[in-house]
1. With the structure loaded, tell me whether B:Leu392 is more than 16 Å from ligand 5 (Cβ to nearest atom), crowded, with 19+ Cβ neighbours inside 10 Å and either more than 10 Å from chain A (Cβ to nearest Cβ) or assigned to a strand (DSSP E or B) (or both) or whether it fails that test.
2. Can B:Cys278 be described as under 26 Å from the mean Cα position of the chain (by Cα), hydrophobic (A, V, I, L, M, F, W, C) and more than 16 Å from ligand 1 (Cβ to nearest atom)?
3. Can you go through B:Val256, B:Val263, B:Val273 and tell me which one is buried (at least 16 other Cβ atoms within 10 Å of the Cβ), more than 16 Å from ligand 5 (Cβ to nearest atom) and of a type outside the set (S, T, N, Q)?
4. When B:Tyr251 is evaluated against the numbered criteria (1) at pLDDT 95 or above; (2) assigned to a loop (DSSP other than H, G, I, E, B), which criterion, by number, is the only one it fails?
5. Could you list all residues from the stretch B:242-261 that are closer than 20 Å to B:Arg134 by Cβ and within 7 Å of another protein chain (Cβ to nearest Cβ)?
6. In the stretch A:159-192, how many are part of a loop (DSSP other than H, G, I, E, B), buried (at least 17 other Cβ atoms within 10 Å of the Cβ) and facing chain B (nearest Cβ under 10 Å)?
7. Output the number of the condition that A:Ala197 fails; it satisfies all remaining conditions of (1) within 16 Å of ligand 2 (Cβ to nearest atom); (2) touching a Gly at 6+ places or on another chain (Cβ under 8 Å); (3) without any contact (Cβ under 8 Å) to a residue 40 or more places away in the chain.
8. Is one or more of the residues making up the stretch A:211-225 more than 10 Å from chain B (Cβ to nearest Cβ) and more than 14 Å from ligand 2 (Cβ to nearest atom)?
Amino acid sequence: MSRIAVIGGGIAGCTAAAELAAAGQQVLLIEKEDSLGGNIKNYGCKADSLCTRCNLCLVDSVFNQVHQEENIEVLFDTTVIDCLKEDEGFTLITSSGELEEQQPDISEVILATGHTRWSELETGTPEIFRDERIIWASDFEDMLEGRQDQLTGQNLKFDLGFEPESAVFLQCNGSRSLQEKARYCSKVCCGYNYRIARVLRNNFPEMDLSMFFIDMQEAGFLVNLSREDLKEREIDYYNCKPLRLEKEKDSLILHYEDQQRGKMATLETDLLVLSEGIHPGSNHERWARIFNLQENEDGFLRTIWSPAESGIYLAGTITSPGDIATTMAESKTVAYKLLENKLSKAKV
Amino acid sequence: MSGSIEQYDVAYIGQALPDDELSQVTIPVSALTECRGEIGDFTLSFQAEDDLKQVRASNIVINLKHQEELPVDCCTSLLEAEANLAEEEEPLIIVQDYQDLSAAALSKEGLELALEVKESNPAREVYYFYQAMRFMDNNDELYEKAREKEVIFLKHDLGDLEITDKGKVSYQREDIKLELTGELTVAPELKPAAKLDKLARIFNITRGPEGYLQVDNIYLQPTLSGKRGVYLLAGARGPNSLTYEQEEIQYTLQEVKRNLTGVEEIDEEERTVDDQKCVVCYTCYRLCPHGAIQRDEELNSMKIMPLACQACNLCISRCPMGAISRSGEDEQQPKDERQVIICENSAALAREKAETDPFADTVVTEVPCVSTVKKEEIYQRLANHKSDLLILGCISESCKHLTGHDRCEQVVNTAKEDLEKLDLDPDRVNYHRLSPRMATDLSAYLADWKGEVLQ
Ligand SMILES: Cc1cc2nc3c(=O)[nH]c(=O)nc-3n(C[C@H](O)[C@H](O)[C@H](O)COP(=O)(O)OP(=O)(O)OC[C@H]3O[C@@H](n4cnc5c(N)ncnc54)[C@H](O)[C@@H]3O)c2cc1C
Ligand code: SF4
Ligand code: SF4
Ligand code: SF4
Ligand code: SF4
C-alpha cells in the first residue's frame, strides 16, 4: 500500500500526520532530529494565575498520538535528499548518517520542516548584544519549563547567575528590518514576550517591567493585546525602538526618543530580553529544487503547482511565520484537503 | 408538517459560505426558534412566512457580521469606505486605534485605501493616524509602499488627537501642530453580532466574556463552539476573526466535509440517564459544557446525545439524583497509599514528560476531566483510607471541557467545608492546577508530599 510522506516532525508535521493516520492512511514521518517536537519541544507554560493562551497545552497529546499510531512510521535522525517522480507517486531518497535509502510508494508529500529562530542564525547575535545581561526570549523557555511556582510555590529561578530587579523587553529583533534579513513581521513575538512578562509580574510583584514596541500586534486567534493589558499588570509601555544601548557596570542603559516630549530619554535595566523573529528554515533551496517549489522574497516556500496535481503540500512555518494554533489549524486543513483530493482522484 | 424533513450537509445561520460541493440551507437569526439533535443530525425549527418550518442538517455554521460602532460622528467607516478617486483637493484622513487598538484586518483596509488614493492622485495629501500598525497577509508590503508614496503616518498616542463632532481633526505633539479637515475615515470598533444571547440559548452554549459565542479557550481554536458540529465565524466568533477570515473559512469548510465522512463517539463508554430517577431538574442540561444533553419529551427525562458528548463526566458528578451512569465506572480499590486523581489533559501529560515517574508508589486515577470527581467519592476515599487525596486539574481557563476545572474546585471546596463542620481535617483533600509543561514542578511537589506522608 502506498504511503503519504510527512517531512518534519514539528507541530505542523505531527498534526497533519495524526490527522491522516486517524483517517486510515499509512504515513511515513521523516524527522532529522532524534525526537519529535521541533522548536517548541522544550518550551514552557506561560500562564500567570490564568492561562495566557500560549497554546502549548495543545501539543503534547498530538506528539503522543504520533508515537502511538500504528499507521505512522517515524524515521528519526533522517532527512530527505532527493525525490524521484514515478508513474504513480514518488520514491524519496532518505539519508541517515552514512546510510542512504529509497522509500518507494509515496503517494503524496507534506513538507513541514518549519523555521529557524533568529538567534540560531550565524548572522543572528550582533556584537552589541554579547553580554550576560542580554538574553533571547527563547532562553526563557528553559527557565519556564523548570518553573515551580504553581504547585511547589517557588518563584521562577533565573538561570543567569544574577537576580535581576528589572527587565526590559525589546520587540522586533530579527524582524521588520532589512539589516536583520527579515522585512516582515514575525507575528508571534509580541505575544510570547507579553506572556513572559506576565509570568515575571506574577512571580515578582516588585520587579520593574517594560516593553518597547514598534507596533503591538494581536497575538493569535484569541488574544488582542492592548495597552490596557499592560497597564493592568504594571508593565510599562514604550511606543518606539530604542536608538542606543549603553553597557554600564551596574546596569544597561537604553537611550530612546521620547516623541511626546520631543527629546531623548534613558531607561536603566538589569536585564534585556530580546524578542526573536521567525526566519525561514534550512534546506529551502533543496526543497525548491527537488519538489518544484518557489522561495518567496522573504525566503519562505510556496507551491508553484496546485497540490492536487503535484501531490506536494506545505504545512506550518515553512510557508510563513505563525503561532502554534494557526499552524495546527492550517495543518489540519492541509491534511483534510489532501484526503479530499485523494478521494476525488480515486473516483476518477 | 409533512413527515419527511429536508436534510442538508450544512445549515448557515446568517450568511452562507461560498462552496459548491455542500448542500446548504440558510436561516436568518431572527427566524430561528429551536435546535435539537447533534452533529450529523440537527433539527432546526424556524419561522418561514407564517409557517413554522423544520430542516435537518449535519453541521451548523453561525456566520454573522460584527456590529460596528464608530468612535466619532461625521466620518465614514473604514470597512465601508470606497476610495474617492476624483480630483479631490481636500486631504484624506484615516484613523485607526482611536480608542482600542484595531484588528489587523482594519489596518489592511486602511493601507489599501491610502494606497489606492495615492496611486491615482499622488498630489492628494493622505494622513494616517494610528497607534500600532498591525500585520497580516501582505500588510507589511502595503505599509512600506504607502510610506514610499508619502502617506503621512502619525502615531496618535504619542500626541493629542482630537476629532470634533464636525469632523475637524487636530493633532498636537511637541514638534507638530495640525488642524485638518477633509474626508474622514475611521476604523470602527467591532462588537459581537446582534442576538447572540438568543443563539446561545437555542444552541445551549456558553458565551465568552465579551459576549461572542466562542469562549476564550485554546481548545476551541479556530472556529469551534464547544458543541460538536456547530462552528462560529466572524461576529459570532471573536474580535480577531476578520484577521483570520480566510483561514477560519477554509478550516470550517474542511471540517464540515470531514464530518460528512463519518463522526465517531469520543470514547467507548456509554453514558445513560435513568429515566426513572431523573426529575428533569435541568442541572445537567445547564452544566454540560458541550451542549450534549436534551430533554426527551416522550420519556420526560433527560437524554445524553452520544456523538455530542465529549466524555468529561461533569453531568454524572453533579446530578442530584444520581441518575446518570457510565459503563466504564469502576470501583477503585486504592490501597493505603497516597491517592491522586489526575486529568488526562494536564498532569497525565506532564507525568509522561518527567524523567522518572513522579507517581511511583501512588494510586493514580486518570480521568478525562477532574469534573468527573463527585463529592461522595471524596468522602468515600477519605473514609476508607488513611491517606490523603490530591486532585490535579488544569490551569485556570485552560480546561478542555471549558468549566470542568472550576467545577471540580467548587466540589473540593464544599467537601473541605463539610469536613471542617464535622471537625475533620479539611487538608486531607487538596486541589491544585498545572499545565502539561510543568513536569519539574509536579515532580518536586510530589517528592515533598511523599515526605509529608512518611512523617
Ligand atoms: C522564541 C519563540 C517563541 C514562541 N512562542 C510561542 C508561543 O508561546 N505560542 C505559540 O503559539 N507559538 C509560539 N512560537 C511559534 C512556534 O514556535 C511555531 O508556531 C511552531 O514551532 C511552528 O511549528 P512547525 O512545525 O511549523 O516548525 P518547527 O517547530 O520548526 O518544526 C520543524 C520540524 O522539522 C524538522 N526538520 C527540519 N528540517 C528537516 C529536514 N531537512 N529533514 C527532516 N526534518 C527536518 C525539525 O527538526 C523540526 O522537528 C514561538 C516562536 C519563537 C521563535
Ligand atoms: S499558558 Fe500555555 S501551557 Fe500554560 S495553561 Fe495556557 S496554553 Fe497551557
Ligand atoms: S510580532 Fe511584534 S515583535 Fe514580532 S515582528 Fe511583529 S511587531 Fe515585531
Ligand atoms: S441532573 Fe439528573 S435529575 Fe436533573 S435533569 Fe439531569 S439527569 Fe435529570
Ligand atoms: S459527560 Fe460531559 S459532555 Fe457528556 S453529557 Fe455529560 S457533561 Fe456533557
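1. Considered against the rule, which asks whether it is more than 16 Å from ligand 5 (Cβ to nearest atom), crowded, with 19+ Cβ neighbours inside 10 Å and either more than 10 Å from chain A (Cβ to nearest Cβ) or assigned to a strand (DSSP E or B) (or both), B:Leu392 comes out as yes.
2. Answer is no for this residue.
3. B:Val256
4. Checking B:Tyr251 against (1) at pLDDT 95 or above; (2) assigned to a loop (DSSP other than H, G, I, E, B), the one that fails is (2).
5. B:Thr243, B:Tyr244, B:Glu247
6. 6
7. (2)
8. yes
The values are calculated or read from the model by the stated rules, or taken from the named source; none is laboratory data. Owing to the predicted nature of the structure, the values given are computational and were not obtained by experimental measurement. A quick note on method: Cβ atoms are made from the backbone with ideal geometry, for glycine too, and the neighbour counts reach across all protein chains shown.
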